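Here's the structure we're looking at; comments come further down.
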Amino acid sequence: AHPNTFSYIEVVFEDEVGSPNPSVKDAPGDLPETVLKIRQKRWAPEFITKAENLYNEFRAHGIELSDHAVGRLLDPERNSRFSKVSKDDIKDLILNRKPNFVQPDGRLVIFDAEQHVAVIKSDTDNAVVTIVRRKYAGKTWNELK
């Protein structure tokens with residue numbers, strides 16, 4: 001570096017290289033992976049707080065949400081073309097309805113045609129992968145009986 005510049009060298013640990021948010025350190029052992037992923041998002045601090053609170057609220061009811069599903073629930077723009085569905089409606093749907101479709105990739109779907117909501121669950125651990133607002137069941141979905 002040129003002697004008249006204010007350059008400096010900073011030590012960076014290997015696990016911090018490429019992190020979207022290097023201020024987020026390794027997760028404590030009791031911190032759920034989804035919370036860590038939420039904290040690593042490039043979201044506003046207020047939105048991250050809302051996302052963590054929503055995740056914890058669903059988890060208290062035995063529902064595991066992915067960080068993607070949490071973001072979908074909190075994004076009002078995605079839901080503006082449909083009638084409002086509350087988070088309690090979504091919880092009720094997940095807790096009280098069995099999957100009625102399966103996607104070609106094996107993920108189970110709880111689809112409610114009246115509320116225009118599809119809850120996509122993981123094929124491996126039953127966690128909610130995403131929540132989608134849609135009027136009709138997917139054309140490639142197979143109905144479960």
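Every number in this text was worked out from the coordinates using simple rules, so none of it is lab data. Not measured: the values here are computed from a predicted model. Positions of Cβ are generated from backbone atoms using ideal geometry, with glycine treated the same way; all protein chains shown enter the neighbour counts.
Miscellaneous remarks
- Neighbourhood charge, 12 Å Cβ-Cβ cut-off, centred on residue 107 and excluding it, Lys, Arg +1 and Asp, Glu -1: -2
- Cα-Cα over 23 Å, subset of 50/98; 50/135; 84/135; 50/87; 84/145; 121/145: 50/98; 50/135; 84/145
- In this Cβ point-charge picture (+1 for Lys and Arg, -1 for Asp and Glu), region 47-126 has a dipole of about 140 debye about its Cα centre.
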